[in-house]
Amino acid sequence: MNIDKIADIASWLFLAYGLIISIGYMTTAFFSFLEIRDYKRKYNFQDEFPLLQSSNLPKISILAPAYNEANNVVNNLKSLLTLNYPVYDIIIINDGSKDDTLLKLIENFDLEPTAFLGNPALETKKVRGIYNSKNLAFKNLKVIDKINGGKADSLNAGINYCDNELICCIDVDCILETDALLKLVKPFLHNKEKVIASGGVIRVANSCKVEDGRIVEVKLPDSFLARAQVVEYFRAFLMGRMAWSRLDGLLLISGAFGIFDKKTAIEAGGYNTKTVGEDMELLVRMRRFMREKKIKYTVGFVPDPLCWTEVPDKWRILHRQRNRWTRGTVETLWIHRKMLFNPKYKILGLLSMPYWLFFEWMAPIIELIGIIYFIFLIVFDAVDYRVLGIFLVVVYTFAILFSVTALFFEEYSFQQYKKPKYILKLITTVLLEPLLYHPFIMWASIKGNIDIITGRNQWGEMSKKGLSQNTD
Amino acid sequence: MPELYDYIFNEKNWVLRFNMICSVVFLLMILFTVVLILRSRIYKIIEEKKTARYQELLNDFVGTYIFEEDEDFKARIDSFRLNYLKGNFEQEIAIKIILNFAENLKGESREKAISLFYEWKLLEKLRAELNSSKWHRKAKAIHTCCSLQIWELSHLIEPFLNSSKTEVRQQALLYFIHRSPEDPLNFLDKIEFDITLWEQIFIQYELQNNYKGDIPDFSPYLKHTLNSVKIFAMKIIAEFNQFENSPNILPFIEDENENLRQYAIECLIELQEPAALGLLKGNFALETSSVQYTIIEYISKLGSSEDFEDIQKFISQCDWINRLKYYKNSKILTPEIISFS
């Protein structure tokens with residue numbers, strides 16, 4: 001077989017992959033549009049006041065792991081205590097912080113230790129103590145102090161000792177809208193089938209004006225890096241997850257904000273402490289558990305902007321985050337490989353899992369192979385620069401089209417970035433993102449794959465500036 | 001442009017030609033989407049201004065009509081309709097404004113606001129919406145009928161009690177509660193679909209806040225064919241403290257359906273009915289985990305500490321949720337914590 005033949009076959013394979021991925025993206029865009037449109041129509045004329053007055057709403061326990069959060073934990077907790085929901089409690093899990101997180105909580109919320117039961121359902125690192133507040137104003141607050149074991153381990157401790165039927169897992173540094181719980185619980189109220197989880201859209205809080213732990217003015221981030229993530233989050237949440245929600249094939253509810261049915265989470269085994277992608281792994285395991293038990297169920301998703309988070313604004317930190325996300329994806333796909341192409345799991349086995357395998361995990365690998373292939377062609381002087389040029393234009397225009405469609409969805413649905421100059425800035429970001437941002441993300445994913453092969457499987461430190469500073 | 005067209009379509013390599021066509025198509029789609037974004041932004045700004053202008057105009061007119069005595073208002077109403085309520089957009093704002101007035105006023109003023117609805121022939125619009133094929137239009141129209149107490153369209157709304165679209169069905173349920181002067185839940189006899197928790201919450205809210213008649217006996221709904229209606233009946237029996245219905249609830253604690261057993265026990269807890277204690281203690285060992293959880297709550301509230309200790313041995317060591325529940329309730333029941341390994 002000569003070099004031209006090899007080049008021909010490889011070109012065809014790349015073309016086929018590109019076509020399939022493009023069709024996949026266009027399909028998700030179509031389903032997302034339908035889902036967002038229906039959601040807007042459903043809730044545009046009725047208020048939620050009766051929900052607030054109801055004693056029949058499911059009770060929720062908010063679980064917020066905290067590790068070295070002494071600077072922000074008090075303010076963040078105060079904002080959590082003022083959420084609009086009839087019955088909820090908050091459980092802060094101090095995951096062996098080295099700073100004075102626990103001390104600050106004890107002092108500010110008048111905490112005292114309480115007796116607790118041993119041998120819980122989910123195995124965790126040793127719980128050193130459980131604290132309740134003496135102050136009735138904080139009667140719905142509980143603090144679990146435990147030896148450091150990571151986020152998954154902390155959440156498991158929270159699941160063990162919370163009282164309510166639904167658990168809402170959040171990052172303690174996230175900012176929730178006041179009606180976040182009320183909105184996120186809706187799938188549990190509407191469905192006749194059992195709902196095991198409900199996820200919400202995560203928004204980028206960098207540069208937003210924050211007062212008393214609430215977003216009071218939405219601003220577009222100043223840095224390109226954070227802006228690129230705004231566009232990326234539009235694509236991921238408003239397009240990807242909305243579509244999967246419509247098809248009931250959602251495999252991931254962000255660890256930053258999601259509600260789960262406690263009983264199902266416990267029965268499925270709780271969070272897996274051995275993976276760095278514990279959020280995706282839990283949902284996949286819960287879905288698999290329900291399917292294997294032959295219990296009818298569903299997973300909900302709410303497109304309202306409910307949770308705001310600070311995204312990395314340094315390339316180094318972003319690299320760590322994406323590296324970790326890739327490892328989490330690989331680990332989850334490996335743990336649940338039995339589901340892949342397995343008709344027993346219906347849409348999960350036949351569509352969701354293959355999609356994650358080919359288009360989430362493999363996409364950066366295929367891109368890398370494409371680059372290597374290109375170098376190979378240069379070496380053998382087999383590059384047709386006309387073909388190369390037009391191919392790059394196709395790829396670039398498609399990437400722009402996909403992002404611009406995501407911008408349109410934001411404009412059509414919630415229009416959080418209200419100033420006209422933000423639209424222009426976002427369009428500029430969309431034009432630059434495939435050139436400056438995407439190659440970096442691809443490299444971080446490749447590095448994640450390399451790390452998992454070489455056994456480097458650390459969580460990685462995620463330093464953040466802190467949102468409580470954005471008050472000007 | 002013709003050169004580009006020639007270049008693309010005279011290309012012999014079809015893969016190259018395909019890629020070039022794709023590039024052009026994508027580029028056009030990008031431009032189209034960007035224009036759509038900008039148009040959508042501009043349209044929203046214009047629409048907001050237009051809405052504000054119409055709202056002001058309508059508020060002024062409706063306010064004047066309600067609060068000023070003017071013999072010749074009939075002509076002004078007709079003239080306003082002909083001049084300002086021509087399109088769908090204007091009519092929708094008019095309905096919204098009338099709804100606002102109706103919600104915030106009482107008595108004669110409210111009646112006057114609603115009378116404008118008829119004078120402006122907006123009923124025809126609602127009739128058309130109810131006959132529309134779009135579910136969201138139907139739901140919104142039923143919501144308007146309900147808020148303005150327009151009962152003459154009930155024959156059009158009744159079939160929606162069994163609509164396959166949840167939102168339409170929910171609005172129809174609320175409409176019929178509002179409509180009934182004395183038997184607010186009689187529509188439940190006509191429904192064939194289970195009612196969701198969302199619907200239950202809204203029905204209960206309507207009963208507690210908007211229904212003006214006497215609260216009826218809810219026990220007949222315990223005989224309904226749908227389990228969700230039976231559960232809802234138990235909830236409202238508890239909510240409205242209909243203690244006299246306790247004997248009707250008791251048989252459900254031995255029902256085949258787990259949910260019914262659980263809600264029956266919850267209802268009995270709320271009604272503080274101790275008659276089930278013996279039976280629940282006897283059944284505890286054989287019960288499912290969820291029902292056991294509710295029985296623990298029942299015994300801790302309505303039983304003695306001896307009753308409570310009696311069931312401890314039947315809680316599985318693997319059932320953490322029930323062990324934790326038992327542990328917590330035991331702390332409430334007795335000052336000294338019952339040992340529990």
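Just one of the listed residues (B:Ala233, B:Ala238) is open to solvent by less than 60 Å² (accessible area, probe 1.4 Å), within 10 Å of chain A (Cβ to nearest Cβ), in a helix (DSSP H, G or I) and in contact (Cβ under 8 Å) with a residue 12 or more places away in the chain, namely B:Ala238.
One line per residue, one yes/no per condition, for (1) assigned by TED's automatic domain parsing to the domain that holds A:Asn191; (2) in contact with a Ser or Thr (Cβ under 8 Å, 6 or more places away or on another chain); (3) among the charged types (D, E, K, R):
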{"site": "A:Ser245", "(1), (2), (3)": "yes, no, no"}
{"site": "A:Ser254", "(1), (2), (3)": "yes, no, no"}
{"site": "A:Gly258", "(1), (2), (3)": "yes, yes, no"}
{"site": "A:Gly269", "(1), (2), (3)": "yes, no, no"}
{"site": "A:Glu278", "(1), (2), (3)": "yes, no, yes"}
{"site": "A:Leu283", "(1), (2), (3)": "yes, no, no"}
{"site": "A:Met290", "(1), (2), (3)": "yes, yes, no"}
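Which of the residues belonging to region A:336-354 are over 20 Å from A:Glu278 (Cα atoms), within 24 Å of the chain's Cα centre (by Cα) and basic (Lys, Arg)? The answer is A:Lys346, and nothing else. Selection over region A:281-320 of residues that are assigned to a strand (DSSP E or B) and farther than 28 Å from A:Phe409 by Cα gives a count of 1. Considering only region B:251-259, I want to know if a residue exists there that is of a type in the set (Val, Ile, Thr) and either surrounded by 15 or more Cβ atoms within 10 Å (Cβ to Cβ) or within 12 Å of chain A (Cβ to nearest Cβ) (or both). Scanning region B:251-259, I find at least one residue that is of a type in the set (Val, Ile, Thr) and either surrounded by 15 or more Cβ atoms within 10 Å (Cβ to Cβ) or within 12 Å of chain A (Cβ to nearest Cβ) (or both), so the answer is yes.
Looking only at region A:414-425, decide whether some residue is farther than 19 Å from B:Cys22 by Cβ, at the interface with chain B (Cβ under 9 Å from one of its Cβ atoms), in a helix (DSSP H, G or I) and open to solvent by less than 70 Å² (accessible area, probe 1.4 Å). The answer is yes, given that some residue of region A:414-425 is farther than 19 Å from B:Cys22 by Cβ, at the interface with chain B (Cβ under 9 Å from one of its Cβ atoms), in a helix (DSSP H, G or I) and open to solvent by less than 70 Å² (accessible area, probe 1.4 Å). Scanning region A:170-215 for residues that are within 14 Å of chain B (Cβ to nearest Cβ), part of a loop (DSSP other than H, G, I, E, B) and under 20 Å from A:Ile36 (Cβ atoms) turns up A:Val185, A:Asn191. So which residues in region A:114-169 are within 13 Å of chain B (Cβ to nearest Cβ) and of a type in the set (Ser, Thr, Tyr), if there are any at all? Within region A:114-169, A:Thr114, A:Thr124, A:Tyr161 qualify.
The single condition among (1) free of Cβ contacts under 8 Å to residues at least 24 places away in the same chain; (2) under 20 Å from B:Thr51 (Cβ atoms); (3) part of a helix (DSSP H, G or I) that B:Ala94 does not meet is (1). Suppose the filter is more than 13 Å from chain A (Cβ to nearest Cβ), open to solvent by 70 Å² or more (accessible area, probe 1.4 Å) and over 16 Å from B:Ile237 (Cβ atoms); does B:Asp217 pass it? No. Scan region A:266-292 and report the pairs whose first residue is over 19 Å from A:Ala157 (Cβ atoms) and whose second residue is open to solvent by 10 Å² or more (accessible area, probe 1.4 Å) and among the acidic types (Asp, Glu), with Cβ atoms within less than 8 Å and a gap of 6+ or a chain change. Within 8 Å, the pairs are A:Gly277/A:Glu331; A:Phe289/A:Glu267.
Selection of region A:1-35 for residues being aromatic (Phe, Trp, Tyr) and within 23 Å of the chain's Cα centre (by Cα) yields A:Tyr25, A:Phe30, A:Phe31, A:Phe33. Taking region A:385-395 as the range and being more than 22 Å from A:Ala29 (Cβ to Cβ), more than 7 Å from chain B (Cβ to nearest Cβ) and of a type in the set (A, V, I, L, M, F, W, C) as the test, the residues that pass are A:Leu388, A:Leu392.
Sub-8 Å Cβ pairs linking a first residue in region B:309-334 that is closer than 17 Å to B:Leu286 by Cα and in a loop (DSSP other than H, G, I, E, B) to a second residue that is charged (D, E, K, R) and at pLDDT 90 or above, at least 6 apart or interchain, are B:Ile315/B:Arg323; B:Gln317/B:Arg323, ordered by first then second residue.
Restricted to region A:245-265, and to residues there that are part of a helix (DSSP H, G or I) and either free of Cβ contacts under 8 Å to residues at least 40 places away in the same chain or open to solvent by 30 Å² or more (accessible area, probe 1.4 Å) (or both), the residue that is farthest from the other protein chains (Cβ to nearest Cβ) is A:Arg246. Meeting the requirement of 1 or more residues that are open to solvent by 10 Å² or more (accessible area, probe 1.4 Å), closer than 30 Å to B:Ser147 by Cα and free of Cβ contacts under 8 Å to residues at least 60 places away in the same chain, the helices (runs of 4 or more DSSP H) wholly within region A:15-114 are A:49-53. So is A:Phe398 part of a helix (DSSP H, G or I), within 7 Å of another protein chain (Cβ to nearest Cβ) and open to solvent by 30 Å² or more (accessible area, probe 1.4 Å) or not? So A:Phe398 does not fit the description; no.
Per-residue answers, yes or no, for (1) at pLDDT 95 or above; (2) hydrophobic (A, V, I, L, M, F, W, C); (3) closer than 25 Å to A:Gly270 by Cβ:
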| residue | (1), (2), (3) |
| --- | --- |
| B:Ala233 | yes, yes, no |
| B:Tyr263 | yes, no, no |
| B:Asn283 | no, no, no |
| B:Asp307 | no, no, no |
| B:Lys313 | no, no, no |
| B:Lys325 | no, no, yes |
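The values are calculated or read from the model by the stated rules, or taken from the named source; none is laboratory data. These numbers come from a predicted model, not from an experiment. So basically every Cβ, Gly included, is an ideal-geometry build from the backbone, and we count neighbours across all protein chains shown. What goes into the accessible areas is simple: the full protein's heavy atoms, side chains included, and nothing from ligands, DNA or RNA. Shrake-Rupley method; radii C 1.70, N 1.55, O 1.52, S 1.80 Å.
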